[in-house]
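Working notes, beginning with the structure itself.
The values are calculated or read from the model by the stated rules, or taken from the named source; none is laboratory data. This one's a predicted model, so the numbers in the text were calculated from it and none came from an experiment. Cβ coordinates were reconstructed from backbone atoms using ideal geometry, including for glycine residues, and neighbour counts include every protein chain displayed.
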Amino acid sequence: MSWISLEDEVRALLFAISNPDLSGPVNMTGPAPVTNAEFTTALGRALNRPTPLMLPGFAVRAALGEFADEVLLSGQRAIPAALEQTGFQFHHNTIGEALRYATARRDHA
């Protein structure tokens, strides 16, 4: 599963617009794709909540057939090669960092 923090996505868009060395397709994703289980665990930690039990793939396949493999169980592990090759630096390099940042309480004065 590919992911990116909102902060890094905005920064990456501005970087892409202002960087003439960057051309062609640009994957706006975080630097480290994760599995659904890794995402669920990181989200539970960020929210200080228990991680729910994961439904095993064979059970999803039994219930949904081909749809499960085509839509739910397969994933694209896109990486931000163009961004990294042109010097973009992520503020949130892991899903844990991104989710902790996204769920942090902030005072907006």
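Residue under question is Phe90, and the condition is that it be aromatic (Phe, Trp, Tyr) and modelled with pLDDT under 95; does it hold? Give the derivation first.
Values: aromatic (Phe, Trp, Tyr): yes; modelled with pLDDT under 95: no.
So Phe90 does not fit the description; no.
Filtering the stretch 22-42 to residues that are touching a Ser or Thr at 6+ places or on another chain (Cβ under 8 Å) and at pLDDT below 90 leaves Thr40, Thr41.
Which of the residues that make up the stretch 1-48 are among the basic types (Lys, Arg) and farther than 22 Å from Leu83 by Cα?
At the first step, the residues of the stretch 1-48 found to be among the basic types (Lys, Arg) are 11, 45.
Residue satisfying the conditions is Arg45 alone.
Within the option set Ala46, Ala68, being surrounded by 10 or more Cβ atoms within 10 Å (Cβ to Cβ), at pLDDT below 75, of a type outside the set (Asp, Glu) and farther than 30 Å from Ser23 by Cα holds for one residue only, Ala68. Summed over the stretch 1-53, residues that are of a type in the set (Gly, Ala, Ser) and over 19 Å from Arg100 (Cβ atoms) total 5. Cβ-Cβ distances below 8 Å connect the following pairs, each with a first residue in the stretch 47-65 that is farther than 15 Å from Ala37 by Cα, a second residue that is surrounded by 12 or more Cβ atoms within 10 Å (Cβ to Cβ) and at pLDDT below 70, and a separation of six or more residues or different chains: Arg61/Ala68; Arg61/Asp69; Arg61/Leu73; Leu64/Leu72. For Arg77, the conditions (1) under 12 Å from the mean Cα position of the chain (by Cα); (2) modelled with pLDDT of 80 or more are fulfilled apart from (2).
Do you know which residues across the stretch 19-43 are more than 20 Å from Glu7 (Cβ to Cβ) and surrounded by 14 or more Cβ atoms within 10 Å (Cβ to Cβ)?
We begin by selecting, within the stretch 19-43, every residue more than 20 Å from Glu7 (Cβ to Cβ); these are 20-21, 23-25, 35-38, 40-41.
Answer for the stretch 19-43, where residues must be more than 20 Å from Glu7 (Cβ to Cβ) and surrounded by 14 or more Cβ atoms within 10 Å (Cβ to Cβ): Asn36, Glu38, Thr40, Thr41.
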